[in-house]
Amino acid sequence: MPPHFSPSSVRLDDLPHPVVAGLISVIVNYGGTFILVFQAAKIAGLSPQLTASWVWSISIGVGLTGLFLSLRYREPIITAWSTPAAAFLVTALATTPYAEAIGAYMISAAAFVVLGISGYFEKVIRLIPPGIASGLLAGILLQFGIGAFAGASVDPLLVGSLIFAYVALKRLSARYAVVGILVLGLVFLVAQGRVDLSGLTLKFAAPVFTMPEFSLNALLSVALPLFLITLSGQYMPGMLVLRNDGFKTSANPIVTVTGLGSLAMAPFGSHAFNIAAITAAIATGKEAHDDPSKRWIAGVAAGCFYILVGVFGVTLAALFMAFPATFITTLAGLALLGTIGGSLAAAMADPTSREAALITFLASAANIKLLGIGGAFWGLLIGLAAAIVLNGHPPRRVRQPKTASEGISK
């Protein structure tokens, strides 16, 4: 396993890269999947005030939990809203009264608090072999890497410019490649008039409290699926992202803190937030900082950006969503290339687990969706089953040195 990273002193020149990594993760989150929140709000018939409150609660909650966890454990612990859960709510809110949905959010959040305090989730994480974890991460991220080039058929000038700039900057100064393509891409879009800022006005969001209602129907049709989808689709791959880059904060405080945050913000509309997976990989790899002990700055930066968006509610979220889809997908894919390459190398490193890791990679990349559960869960399940069959025994517990964060969480 990679060594544990001890935090070191921070200099001014340590800030640009992790701060930009945090910003990119926020832009990708809002520009990529946040539209699902607006779709779910529309399906539920929510007023503009309630929709703005949802944006406020989820942005502030994600920002505060990520900021606290990154500062507390000095690791890039990026939190985010549950994207699979938001997709699920697009259909679920069509038949569930909003007040009952709020109650279901609270039940699901409380279940995560109990899970975090119990410590069982951390034990499950440690049973997953490193090769399987790396194969899972590479498979999850593969579509983002492909997306960096797929947009060339739709917007060849923008995508081609970003790819050329990335390769050139990698050759000249690899450290500034991701920062460079972000700046050059924004300049390119503004010069072409493709980002309209004329109608942008900053307005403070006003949270709206909704009294929760509890029902058996909402418990079974919203709370239970929400818990399972978030657990398998977000927490599991999110923790494996941290582990893959050598960070060892126990899952217990992460699940507990995000669960408490979700519980507090649920009456204002927040459906669930958790440790991030895809966008976390932008902040945990070498692109964020050459020194792993400085990458926690990316988590703090992302938290601050989320809070800023939350304060101004829908306004800044709409700004991020105004970026062309090809820009978002290309930016995300190029920022994740190093992580994808490193994960593939780690997955294939051990000959004894190589085939099981390869099966995990391919199954995760296939993004199988069954029983309302996303591809990360099925990819992991298939990979573990393959490892058991090929090796003749279940995965053994991965021994890790005890850290201060683990002692506190128990």
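The values are calculated or read from the model by the stated rules, or taken from the named source; none is laboratory data. These figures come from a predicted structure and were not determined experimentally. In this analysis, Cβ positions are derived from the backbone assuming ideal geometry, glycine residues included, and neighbour counts consider all displayed protein chains. Note: accessible area is taken over every heavy atom of the protein model, side chains too, but ligands, DNA and RNA are not part of it. Shrake-Rupley method; radii C 1.70, N 1.55, O 1.52, S 1.80 Å.
Candidates are the residues of the range 277-322 that are open to solvent by 40 Å² or more (accessible area, probe 1.4 Å) and among the acidic types (D, E); the one that is modelled with the highest pLDDT is D291. Taken together, the criteria exclude F121 from residues that are open to solvent by 10 Å² or more (accessible area, probe 1.4 Å) and under 30 Å from I328 (Cα atoms). Considering the range 252-276, the residues that are in a loop (DSSP other than H, G, I, E, B) and modelled with pLDDT of 90 or more include one that is nearest to T65 (Cα to Cα), namely S270. The condition (being within 30 Å of L344 (Cβ to Cβ) and not aromatic (F, W, Y)) is satisfied by just one residue among T230, T210: T230.
Taken as a whole, the condition of being exposed (fewer than 13 other Cβ atoms within 10 Å of the Cβ) and not hydrophobic (A, V, I, L, M, F, W, C) does not apply to P130. Taking every residue in the range 67-88 that is closer than 26 Å to A223 by Cα and pairing it with any residue that is surrounded by 22 or more Cβ atoms within 10 Å (Cβ to Cβ) and of a type in the set (F, W, Y), at least 6 positions away or on another chain, the pairs with Cβ-Cβ distances below 6 Å are T79/F273; W81/F273.
When you check S215 against the structure, is it buried (at least 23 other Cβ atoms within 10 Å of the Cβ) and either of a type in the set (S, T, Y) or free of Cβ contacts under 8 Å to residues at least 24 places away in the same chain (or both), yes or no? Give the steps one after another, and end with the answer.
Working: buried (at least 23 other Cβ atoms within 10 Å of the Cβ): no; either of a type in the set (S, T, Y) or free of Cβ contacts under 8 Å to residues at least 24 places away in the same chain (or both): yes.
So S215 fails the test.
Put simply, of A86, A99, A92 the only residue that is among the aliphatic types (A, V, I, L, M) and in contact with a Leu (Cβ under 7 Å, 6 or more places away or on another chain) is A86. Filtered by the rule that a residue be open to solvent by 50 Å² or more (accessible area, probe 1.4 Å) and over 30 Å from I388 (Cβ atoms), the range 323-356 gives A325, T329, L337.
In the condition set (1) part of a helix (DSSP H, G or I); (2) buried (at least 18 other Cβ atoms within 10 Å of the Cβ); (3) modelled with pLDDT under 90, Y105 is compliant with all but (3). T249 meets all of the listed conditions (1) part of a loop (DSSP other than H, G, I, E, B); (2) more than 24 Å from T83 (Cβ to Cβ); (3) open to solvent by less than 10 Å² (accessible area, probe 1.4 Å); (4) not small (G, A, S) but one, namely (2). Please specify each residue of the range 146-176 satisfying the condition of being without any contact (Cβ under 8 Å) to a residue 12 or more places away in the chain, surrounded by 13 or more Cβ atoms within 10 Å (Cβ to Cβ) and among the basic types (K, R). If the condition is that a residue be without any contact (Cβ under 8 Å) to a residue 12 or more places away in the chain, surrounded by 13 or more Cβ atoms within 10 Å (Cβ to Cβ) and among the basic types (K, R), then K170 is the only one that fits. Those helices (runs of 4 or more DSSP H) of the range 1-85 in which at least 1 residues are crowded, with 22+ Cβ neighbours inside 10 Å and modelled with pLDDT of 85 or more, considering only elements entirely within it, cover 16-32, 48-73.
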